[in-house]
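See below for the structure under consideration.
Read the figures in this text as sums done on the coordinates, not as results from a lab. None of the values given here were measured: they were computed from a predicted structure. A quick note on method: Cβ atoms are made from the backbone with ideal geometry, for glycine too, and the neighbour counts reach across all protein chains shown.
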Amino acid sequence: MRMRKKPNLDVRMERCEELLIREPEAWKGRWRELKPDADGLHLEIGCGKGRFTVETARLHPSTLFVAVERVADAMVIAMERARQLELTNVFFIDADAARLRDYFAPGEVDRIYLNFSDPWPSNRHAKRRLTHTDFLMRYRLVLREGGQIHFKTDNHDLYEWSLFQFPKAGYTLSEVTRNLHEHGIQGVMTDYEEKFHNLGTPINRCVATVGPLPAELKDWIDPLDRPRENAEDPV
Ligand SMILES: C[S@@+](CC[C@H](N)C(=O)[O-])C[C@H]1O[C@@H](n2cnc3c(N)ncnc32)[C@H](O)[C@@H]1O
């Protein structure tokens with residue numbers, strides 16, 4: 001998502017200070033302290049302006065939500081929405097999803113939402129797709145056994161490609177649909193989803209559940225830990 005730098009960003013962020021986790025590393029393994037009675041910890045990765053996270057948190061007050069977004073200009077809008085509703089079960093991290101394992105302990109997360117992730121259509125940039133095997137392996141490091149990824153996208157090519165990536169990383173697919181809203185609106189819409197749905201674009205959705213790790217990935221090493229092969233092409 002490309003956005004112009006918003007004026008007064010720092011002031012606006014400070015106004016939402018109680019929802020912003022400035023040092024997520026310090027909360028690794030301790031997120032439930034933010035809501036000790038939580039029935040689960042759900043992340044949205046790439047929350048953008050946050051319509052989905054905020055509305056889902058409002059509808060599920062017993063669940064703890066953490067939204068991860070690397071563009072602060074978008075995230076501040078999400079935080080303002082949450083603050084306006086006086087939600088106490090949603091928090092925000094201004095960070096790159098590639099670093100999730102620095103912020104969450106193994107098995108700490110119950111569910112991850114990937115909504116309308118950037119498609120990165122060029123093969124050269126495939127590793128930046130949030131459903132690339134490397135990202136799916138990183139999610140495995142923080143998801144509990146049987147934890148899930150809920151993935152929605154308008155992008156047909158990204159969806160079909162992702163349906164191959166999930167099993168490669170040992171996830172079992174269910175609820176696979178290529179027209180989620182065929183018989184009426186299903187669940188909470190995201191900002192992007194509403195836009196594409198109104199244009200008549202079918203919305204794809206699936207659920208991927210953590211299963212046994214495939215033998216060929218037993219020795220997987222995060223590219224972030226390997227010497228960089230090409231400094232021009234960051235992960
Ligand atoms: C196309 S927007 C979708 C926003 C929102 N989920 C929606 O459906 O309206 C994708 C968002 O993912 C964020 N994003 C992409 N890669 C990311 C990463 N590695 N870590 C954190 N956020 C990321 C982008 O900054 C952008 O805000």
Can you tell me which aspartates and glutamates have their Cα less than 19 Å from the Cα of Lys168? Leave out same-chain residues fewer than eight positions away. Asp134, Glu145, Asp157, Glu160, Glu216, Asp219, Asp222
Out of Pro167, Pro36, Pro119, a Gaussian network model of the chain with alpha-carbon springs under 10 Å gives the largest mean-square fluctuation to Pro36
Dipole of segment 33-124, positive end: most advanced residue of Cys47, Thr88, Phe104 [Cβ charges, Cα centre]: Cys47
Provide the percentage of antiparallel DSSP beta bridges, counting only those with both residues in the chain; round to the nearest 5. 35 percent
Ascending count of other beta-carbon atoms within 10 Å, so fewest first, for Arg226, Arg138, Arg15: Arg226, Arg15, Arg138
Quickly estimate the mean residue ellipticity at 222 nm for the chain, helices only: each DSSP H run with n ≥ 4 gives -39500 (n - 2.57), and the total goes over all residues, rounded to 500. -7500 deg cm²/dmol
Of the listed pairs Lys35/Lys195; Lys49/Lys127; Lys28/Lys127, which have alpha-carbon separations greater than 27 Å here? Lys35/Lys195
If Lys and Arg each add +1 and Asp and Glu each add -1, what is the summed charge of the other residues whose beta carbon sits under 14 Å from the beta carbon of His150? -1
Dipole in debye (nearest 20) - segment 1-93, about Cα centre, beta carbon charges: Lys, Arg +1; Asp, Glu -1: 440 debye
In sequence order, calculated HN-Hα J values of segment 34-40 (Karplus, 6.51, -1.76, 1.60; Hz; x Gly/Pro): 6, 7, x, 8, 4, 8, x
Determine the dipole magnitude for segment 96-235: charges of +1 sit on the beta-carbon of Lys and Arg, -1 on that of Asp and Glu, nothing else is charged, the reference point is the Cα centre, and the result goes in debye to the nearest 20. 180 debye
Highest-fluctuation residue, Leu199, Leu100, Leu130 considered, GNM on the chain with Cα pairs under 10 Å: Leu199
Might you report the magnitude of the Cβ-based charge dipole of the chain about its Cα centre, with Lys and Arg at +1 and Asp and Glu at -1, to the nearest 20 debye? 260 debye
Taking the alpha-carbon set of the chain, what are its Rg and Dmax in Å? 17.3, 50
